[in-house]
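Reading through the structure tokens given below for one structure.
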Amino acid sequence: MQGSTVGEFAELLGVPSNDVIKRLFMLGQVLTVTQTMTDELIELIADDMGRKVRVVSPEEEYAVVYNDTEDDLKPRPPVVTVMGHVDHGKTSTLDAIRHTGVAAGEAGGITQHIGASVVNIDGRQITFIDTPGHEAFTAMRARGAQVTDVIVLVVAADDGVMPQTIEAINHAKAANVPIVVAVNKIDKPGATPDRVRQELVEYGVIPEEWGGTNMFVDVSAKQRIGIDDLLETILLQADVLELKANPDALASGFVIEANLDKGRGPVATVLVQRGTLKPGDAVVAGTSYGRVRALVDPRGNHATEARPSDPVEILGLSSVPTAGDEFRVFEDERDARKLAEERALRERLKAQEAKTHMSLDDLFSRI
Ligand code: GDP
Ligand code: MG
């Protein structure tokens, strides 16, 4: 937990505030219920009451301590996000990719919508995350989380650089994620793919063939031209990044999407970033927790495990987490529950605090 008031601390421990005030008094500290306790006092009083409390900053809480050695790290597939201006062909490009990436003979290749999909190209996996809401992305970035390894920037060859193109470029730069440009709609009569290249140079996105670092591919999502080339280019870009993770650890990652399903209860699509997630695992996702009842892969099949860079649906959570929430597996279900409850309490306190401030303002405005 983090530095808190006497009242918050008492609530966390589930004891009356007066008990805490009395013990503080015996230590020569005169504090009221709304005053803030120092970290030292929190640990001291908790110890005094036979409870172990460790004071951590939110950053520390979210930063899972990874003690992975070089030997632990194994290659993992790239995680890709398709971005670009509205109507430039993001959805069509993803559709074309899914169509291409499905091996012949695989049942129809129809993927259900879980916010992510997986394609296999010559035995290599690429994970695509459907452009998530900006909020989720921002939340993940605020926690220092890198969710996507490569951004595919779709730019229509008949329209060029537009506001959301620039937004995507800024996003990629802020997150330090390489951009592969898909110049789309090259089948259209008014298409000028080279003009798109020129326009992008102004924003620091420079084709390799012009001495820059960005890979460009001309495509037509509609006519399925250049899609294989685009997938190969993504894999080339991934090779440069030498993506690795430790698969032999308790799983952790992020919530991509979550909802309440009528039949199945809370369902969260998560992206595993480290470790291997299995049915039966005790998991916490944001303020939600539970034992994984089942894992469902993007094709709708039950999965026995999900490894680094795999997107998967989790069934069995206590409530619906929020996109952008961190998820983590614990050895002991009680630890998962405790962390979820601590987070929930913190959120409640924050909400309460906001309310208190408001009523104080009301009070002052009436005076
Ligand atoms: P999004 O808003 O970026 O997801 O764009 P969509 O994929 O929904 O595409 C917007 C429109 O452009 C749709 O009418 C598509 O059929 C059309 N479109 C997408 N890709 C192509 C293409 O390669 N060629 C042509 N001619 N039209 C395309
Ligand atoms: Mg779309």
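Per-structure values
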read-out	value
Every residue from the stretch 201-254 that is part of a strand (DSSP E or B) and more than 15 Å from residue 183 (Cα to Cα)	244, 245, 250, 252, 253, 254
Scope the stretch 274-287; condition polar (S, T, N, Q) and at pLDDT 95 or above; matching residues	276
Among (1) modelled with pLDDT under 95; (2) within 22 Å of the chain's Cα centre (by Cα) - the single one residue 263 does not satisfy	(2)
Answer residue from the stretch 205-231, given it is in contact with a strand residue (DSSP E or B) (Cβ under 9 Å, 6 or more places away or on another chain) and small (Gly, Ala, Ser) and is surrounded by the most Cβ atoms within 10 Å (Cβ to Cβ) among those	221
Helices (runs of 4 or more DSSP H) fully within the stretch 52-158 counting 2 or more residues that are modelled with pLDDT under 70 and open to solvent by 70 Å² or more (accessible area, probe 1.4 Å)	58-62, 134-142
Selection from the stretch 185-202 of residues that are open to solvent by less than 80 Å² (accessible area, probe 1.4 Å) and not acidic (Asp, Glu)	185, 186, 190, 191, 192, 193, 196, 197, 200, 201
Residue pairs meeting the criteria (Cβ under 7 Å; at least 6 apart or on separate chains; first on the phi > 0 side of the Ramachandran plot, in the stretch 69-92; second part of a loop (DSSP other than H, G, I, E, B))	89/185; 89/221
Residues of the stretch 159-192 classified as assigned to a helix (DSSP H, G or I) and within 14 Å of ligand 1 (Cβ to nearest atom), total	5
Selection from the stretch 1-18 of residues that are open to solvent by 60 Å² or more (accessible area, probe 1.4 Å) and touching a residue at least 12 places away in the same chain (Cβ under 8 Å)	2, 11
Residues (within 16 Å of ligand 2 (Cβ to nearest atom) and buried (at least 16 other Cβ atoms within 10 Å of the Cβ)) located in the stretch 165-184	165, 168, 182, 184
Single residue of the stretch 23-44 satisfying the filter (open to solvent by 70 Å² or more (accessible area, probe 1.4 Å) and closer than 12 Å to residue 7 by Cβ) that is modelled with the lowest pLDDT	36
Selected residue (criterion: surrounded by the most Cβ atoms within 10 Å (Cβ to Cβ)) from residues of the stretch 288-344 that are of a type in the set (Val, Ile, Thr) and touching a Lys or Arg at 6+ places or on another chain (Cβ under 8 Å)	292
Segments classed as strands (runs of 3 or more DSSP E), wholly inside the stretch 282-346, with at least 1 members that are free of Cβ contacts under 8 Å to residues at least 40 places away in the same chain and over 11 Å from residue 270 (Cβ atoms)	288-296
The stretch 255-281: number of residues that are in a strand (DSSP E or B) and crowded, with 17+ Cβ neighbours inside 10 Å	15
The lone exception for residue 239 - which of (1) free of Cβ contacts under 8 Å to residues at least 12 places away in the same chain; (2) within 16 Å of ligand 1 (Cβ to nearest atom); (3) acidic (Asp, Glu) it fails	(2)
Pairs where the first residue, in the stretch 171-192, is of a type in the set (Gly, Ala, Ser) and the second is assigned to a loop (DSSP other than H, G, I, E, B) and open to solvent by 20 Å² or more (accessible area, probe 1.4 Å), C-beta under 7 Å, 6+ apart	175/146; 190/158; 191/158; 191/185
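The values are calculated or read from the model by the stated rules, or taken from the named source; none is laboratory data. As the structure is a prediction and not an experimental result, all values here were calculated from the model. Neighbour counts run over all protein chains shown; Cβ positions are idealised from the backbone, glycine included. Side chains included, ligands, DNA and RNA excluded: accessible areas come from the protein's heavy atoms. Shrake-Rupley method; radii C 1.70, N 1.55, O 1.52, S 1.80 Å.
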